[in-house]
Amino acid sequence: MAAMAAALRGVGGRFRWWTPAVAGGVRGAAQGAVAGQRDYDLLVIGGGSGGLACAKEAAQLGRKVAVVDYVEPSPRGTRWGLGGTCVNVGCIPKKLMHQAALLGGLIRDAPHYGWEVAQPVPHDWRKMAEAVQNHVKSLNWGHRVQLHDRKVKYFNVKAGFVDEHTVRGVAKGGKEILLSADHIVIATGGRPRYPAHIEGALEYGITSDDIFWLKESPGKTLVVGASYVALECAGFLTGIGLDTTVMMRSIPLRGFDQQMSSLVTEHMASHGTRFLRGCTPSQVRRLPDGQLQVTWEDRTTGKEGTGTFNTVLWAVGRAPDTRSLNLEKAGVDTSPNTQKILVDSREATSVPHIYAIGDVVEGRPELTPTAVMAGRLLAQRLFGGSSDLMDYDKVSSLAGRRLQPGEAESEASSSGVPTTVFTPLEYGCVGLSEEEAVSRHGQERVEVYHAHYKPLEFTVPGRDASQCYVKMVCLREPPQLVLGLHFLGPNAGEVTQGFALGIKCGASYVQVMQTVGIHPTCSEEIVKLRISKRSGLDPTVTGC
């Protein structure tokens, strides 16, 4: 067994490539791992935000660490480098293309502020895409440099378990390598789902895995879905001047506050995005001229509709990227419904030394910052003597009940995870939606303070601010703890991030109202909320 392990490592303790022709090679390596001759203290499967954060933190703590990462090309053949969904096909390119769309609006505002700009100003998709893609590639390289600097070994191979301590990696050319570790972290994330039951969906459609890497403009686009991915993509496509339609089966932004969600789609519709509500596609076919003809059913009337588009973008959910991991060989349990990995509060799977973080985990927010923090905290618990756990709750278990005599306010603090939907009018939130608050505590125990407002920047160009809105969801009884904050307007992410700390620390409505605002800003509208929905008064803010 020792000879096999030495043979796999080769000269100087480095791994040699192992080919399947070597009989018994996998068995020998696995037995060597069981015997305690493991190669790494920590092996991370998945080079996304959470996995990289965990690996880097463990290396900082002096441990021997390896990262295994491989990107399976999308059905359209799109591939990318190290960094995971966020860097390559998610947060980063999305925010940059969102910014491109916002700049278009600012250019239209510019003449009102004295800038002589000839209108309309054309947009060049190719130039934007090249700039975004170049930035993403620089981040890919940066991650590799950081791993090298921290002495983390990186393997660009597709990983699958051999046993609970051993992973086989298969490179692009078919060569194989065996890796073993005391602790293994699964951080493979997810990939977009294709509606395989719809004729032509896979053959002719694309997903968020492809849209940011297109060399040419997608042209007239149908976005199918009503998730934040769908609305964000539709928003920036409309914003750069493309004819864009969103087909949604039911409600927008399921899981978010529905009043806010409705305002998001109202704003999009008023700025050029078309919506086909209550419709489901049944067929996509390519016409002789290259366009795509989509057939759908209106679920309300039962009638059939058709339309032609240059691009069909599926945004109908994501699936955990676990198919090639051979989890059953390690004994790792998954949800029978979602196929996501089941973990406990310590991120441990059904196998105590195998952990999972990020989007691949059942019941976790599919958000980059939560995966990053979970990865760092996991490494600190494993190798740094820490006992701190990741707090995933929107609000703590104590926040929803009446304070008992002698119980401190801080013991009932909220602990929400903030997020922002980067639609044309951004929606930031932290904590509970109004629906969730009422469901948990009852209508009579919930007070909602709200206001419409007009950003100062909207006044000179005469922009419509009908959907700029903020509301704070609180417990009704003193000290009126804040259960949720919802903000719709410019720079929502920046606004929400600041208030998230206060809400996590257990802020009450009274404390927020005692906070001095920064004038003139949109965020000061939050500390000016005086009107309760219960009062029935007009919540329109007239400005200063």
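The values are calculated or read from the model by the stated rules, or taken from the named source; none is laboratory data. In this text the structure is predicted, and so the values were computed from the model without any measurement. Every residue, glycine as well, gets a Cβ built from its backbone with ideal geometry; the counts of neighbours run over all protein chains shown. Just the protein is used for accessible areas: all its heavy atoms, side chains included, with ligands, DNA and RNA removed. Shrake-Rupley method; radii C 1.70, N 1.55, O 1.52, S 1.80 Å.
Rounded, prolate or oblate for region 102-203? Axes are the square roots of the Cα gyration tensor eigenvalues, ordered a ≥ b ≥ c, and the cut-off for rounded is a/c under 1.5.
Numbers: a/c = 3.50, a/b = 2.01, b/c = 1.74.
Prolate is the answer for region 102-203, as a/c is 1.5 or above and a/b outweighs b/c.
How high is the relative contact order of region 461-544, in percent, counting Cα pairs under 8 Å that sit 6 or more residues apart? Write down the numbers at each step before the final one.
Details: 77 pairs, mean separation 19.3, N = 84.
Contact order relative to length: 23 percent.
Mind checking the full-extension length gain between ASP289 and ASP538? Use 0.36 nm per residue of separation minus the Cα-Cα distance, one decimal, nm.
Details: separation 249, 0.36 × 249 = 89.64 nm, distance 5.35 nm.
Answer, rounded to one decimal: 84.3 nm.
By DSSP, what percent of the beta bridges with both residues in the chain are antiparallel, rounded to the nearest 5?
Taking every DSSP beta bridge with both residues in the chain, the antiparallel ones total about 65 percent.
Give the calculated FRET efficiency between VAL460 and VAL145 to the nearest 0.05, with a Förster radius of 30 Å applied to their Cβ-Cβ distance.
Working: r = 45 Å, r/R0 = 1.50.
Once rounded, the FRET efficiency stands at 0.10.
Let me make sure I get this right: for region 493-544, a, b and c are the square roots of the gyration tensor eigenvalues over alpha carbons, sorted descending. Under 1.5 in a/c it's rounded, otherwise prolate if a/b > b/c, else oblate. Which is it? If you can, show how the numbers build up before the last one.
Numbers: a/c = 2.03, a/b = 1.30, b/c = 1.56.
The shape class here is oblate.
So for TRP115, TRP296, TRP314, what's the accessible-area order with a 1.4 Å probe, most first?
Details: TRP115 175, TRP296 30, TRP314 5 Å².
Ranked list, largest accessible area first: TRP115, TRP296, TRP314.
Just add up the charged neighbours of LEU42: K/R +1, D/E -1, any other residue whose Cβ is under 9 Å from the Cβ of LEU42.
Details: positive: ARG63, LYS64; negative: ASP41, ASP182.
Spelling it out: positives minus negatives among the neighbours equals 0.
Relative to the longest principal axis of the chain, what angle (0 to 90°, nearest 10) does the C-alpha long axis of helix 228-239 take?
Rounded to the nearest ten degrees, it is 60.
Which whole-Hz ³J(HN,Hα) couplings does region 336-344 yield from phi under the Karplus relation 6.51 cos²θ - 1.76 cosθ + 1.60, θ = phi - 60°, glycine and proline marked x?
These are the phi-based 3J(HN,Hα) values: x, 8, 10, 6, 7, 7, 8, 9, 9 Hz.
What's the center-to-center distance, using Cα atoms, between region 442-468 and region 119-184 in Å?
Region 442-468 and region 119-184 have Cα centres spaced 42 Å from each other.
From Cα coordinates alone, what are the radius of gyration and Dmax values for region 62-153 in angstrom?
For region 62-153, the Cα radius of gyration and maximum Cα-Cα distance read 18.7, 60 Å.
Can you work out ³J(HN,Hα) from phi for every residue in region 158-175, in order, using Karplus 6.51 cos²θ - 1.76 cosθ + 1.60 and θ = phi - 60°, giving whole Hz and x for Gly and Pro?
7, 9, x, 5, 9, 8, 6, 10, 10, 10, 9, x, 10, 7, 4, x, x, 5
With a ≥ b ≥ c the root eigenvalues of the C-alpha gyration tensor of region 210-309, is it rounded (a/c under 1.5), prolate (a/b larger than b/c) or oblate?
Working: a/c = 2.02, a/b = 1.17, b/c = 1.73.
Oblate.
Using heavy-atom solvent-accessible surface (probe 1.4 Å) with all chains present, what is the largest-first order of CYS91, CYS468?
CYS91, CYS468
For the chain, just run the numbers: alpha carbon Rg, then divide by 2.2 N^0.38 Å, N being how many residues it has. Before the final figure, lay out each step's value.
Working: Rg = 25.6 Å, N = 544, 2.2 N^0.38 = 24.1 Å.
Taking the Cα Rg and dividing by 2.2 N^0.38 Å, one obtains 1.06.
Can you pull the percent of region 132-253's accessible area that's carbon plus sulfur, 1.4 Å probe, other chains left in place?
Values: 2500 of 4750 Å².
About 53 percent, which is the carbon plus sulfur part of the accessible surface.
With a 1.4 Å probe and every protein chain left in place, tell me how much accessible area HIS98 has, in Å² to the nearest 10.
Answer for HIS98: close to 10 Å² accessible.
Quick one: net charge of GLU362's neighbours, Cβ under 15 Å, K/R +1, D/E -1?
Numbers: positive: ARG318, LYS340, ARG346, ARG364; negative: ASP321, ASP333, ASP344, GLU347, ASP359, GLU366.
Summing Lys and Arg as +1 and Asp and Glu as -1 gives -2.
Where does the chain land at 222 nm, in deg cm²/dmol rounded to the nearest 500, when only DSSP H runs of n ≥ 4 count, each adding -39500 (n - 2.57), divided by all residues? Present the calculation step by step, with values, prior to reporting the outcome.
Working: 16 runs with 163 residues, N = 544.
Estimated from H runs of four or more residues: -9000 deg cm²/dmol.
Packing-wise, with mean Cβ within 10 Å as the measure, how do 240-248, 299-307 rank, highest first?
Per-residue Cβ counts within 10 Å, averaged per peptide and sorted highest first, yield 240-248, 299-307.
What ranking, highest mean first, results for peptides 232-239, 417-424 when packing means the other Cβ atoms within 10 Å averaged over each residue?
Values: 232-239: 26.4, 417-424: 22.6.
In decreasing order of mean packing, 232-239, 417-424 become 232-239, 417-424.
Quick check: with the 1.4 Å probe, what order do ARG381, ARG108 take by accessible area, largest first? Spell out each step's value before the answer.
Numbers: ARG381 45, ARG108 135 Å².
Ranked list, largest accessible area first: ARG108, ARG381.
Could you tell me the relative contact order of the chain? Use alpha-carbon pairs under 8 Å, at least six residues apart, and round to a whole percent. Display every interim value, and only then the final one.
Numbers: 1141 pairs, mean separation 73.7, N = 544.
Value for the chain: 14 percent.
Calculate the all-directions average of the projected area of region 439-511's alpha-carbon convex hull, and give it in nm². Walk me through the numbers on the way to the answer.
Numbers: hull surface 22.7 nm².
Directional mean of the projected Cα hull area for region 439-511 stands at 5.7 nm².
By a straight-distance test (C-alpha under 17 Å), which aspartates and glutamates pair with LYS153 as possible cross-link partners, with residues fewer than eight away in the same chain excluded?
Leaving aside aspartates and glutamates fewer than 8 places away in the same chain, those within reach of LYS153 are ASP39, ASP41, GLU57, ASP69, GLU176, ASP182.
With θ set to phi - 60° and the Karplus curve 6.51 cos²θ - 1.76 cosθ + 1.60, what are the ³J(HN,Hα) couplings of region 205-220 in order, to the nearest whole Hz, using x for Gly and Pro?
Values per residue, Gly and Pro as x: x, 10, 9, 5, 5, 10, 4, 7, 10, 5, 7, 10, 4, x, x, 5 Hz.
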